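Report on the following structure.
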Amino acid sequence: MQKNCIILASGNGSNALNLINRFYINKTGSSLINISAVVSNIEGAPVIDKVKKAAPDIPALFLPYASVSERERFESELEGIIKKYKADYIILAGFMKILSEEFVSKFPYKIINIHPSLLPAFKGRDAIKKAFEYGVKYTGVTVHYVTHEIDAGPIICQEIVKIDDSDTMESLEAKVHKAEHKIYPVAIETALAGAIRNIN
Ligand code: GRF
């Protein structure tokens, strides 16, 4: 049965666009996945314009959430959007805000995130920079279910990225994003097909 997914994104939107390309425009991915809407908490975030251009039929919505004081209202309106679009899954693609424990507990194994490091290393913001500055020889990308603990939910899939001596911060970022675009659609397909521990 098709699963409706809502994408939450705050910024550039390369992962959101990659998922839309695969599941909606080119339809090279699983027909299990329907992208119902994209929601950004940032007004004017590039992701909104990109979605509108690439896939005018997918609603690209702005729902403000800048400071913690706005979280309750954001989550309550987001629940409205989830009901409206009968969303089965919430896909975080560069969503830079924390969802409350209360919200997350309503959607166990239904919220999926991508993080640009090999968790549990380099949790939180600026994970690519932290790995580069630490001097690790390998970093990567992790796709995981979201729990109340930040960047710590059950891991669905990981991809290793080698850091070469010749790498700069920019070249490493490019490698990590390339790995993200490779594994995120596959990880989502696998999880939604029920091949990974979840509660479909
Ligand atoms: C990605 O590196 C993702 O792993 C992290 O935020 C970044 C979003 O990039 N959570 P984009 O907006 O998808 O280009």
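Here is how the numbers come out for the structure above:
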read-out: Top-ranked residue in region 1-16 [being more than 10 Å from the ligand (Cβ to nearest atom) and among the aliphatic types (A, V, I, L, M); ranked as nearest to the chain's Cα centre (by Cα)]; value: Leu8
read-out: From the options Glu77, Glu43, residue that is away from the ligand (no atom under 16 Å from the Cβ), surrounded by fewer than 19 Cβ atoms within 10 Å (Cβ to Cβ) and not aromatic (Phe, Trp, Tyr); value: Glu77
read-out: Near pairs, Cβ below 7 angstrom, 6+ apart or cross-chain, from region 167-196 (under 12 Å from Pro116 (Cβ atoms)) to any residue that is part of a helix (DSSP H, G or I) and β-branched (Val, Ile, Thr); value: Leu172/Ile128; Glu173/Ile128; Val176/Ile128
read-out: So Ile150, is it touching a Leu at 6+ places or on another chain (Cβ under 7 Å) and of a type outside the set (Ser, Thr, Tyr); value: no
read-out: Residue under evaluation Ile82, criteria (1) open to solvent by 20 Å² or more (accessible area, probe 1.4 Å); (2) of a type in the set (Val, Ile, Thr); (3) within 17 Å of the chain's Cα centre (by Cα); (4) away from the ligand (no atom under 16 Å from the Cβ), criterion not met; value: (1)
read-out: Candidate set: region 85-101, residues that are within 16 Å of the ligand (Cβ to nearest atom) and open to solvent by 40 Å² or more (accessible area, probe 1.4 Å); chosen: the one nearest to the chain's Cα centre (by Cα); value: Met96
read-out: Sole exception among (1) at pLDDT below 95; (2) within 15 Å of the ligand (Cβ to nearest atom) for Thr190, by number; value: (2)
read-out: Tally, over region 102-140, of residues that are loosely packed, with under 15 Cβ neighbours inside 10 Å, farther than 18 Å from Pro154 by Cβ and of a type outside the set (Phe, Trp, Tyr); value: 8
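The values are calculated or read from the model by the stated rules, or taken from the named source; none is laboratory data. Just so it is clear, the structure is predicted and the values come from calculations on it, not from any experiment. For neighbour counting, all protein chains shown are included, and Cβ atoms are generated from backbone atoms with ideal geometry for every residue, glycine included. Accessible surface areas use protein heavy atoms only, side chains included; no ligands, DNA or RNA. Shrake-Rupley method; radii C 1.70, N 1.55, O 1.52, S 1.80 Å.
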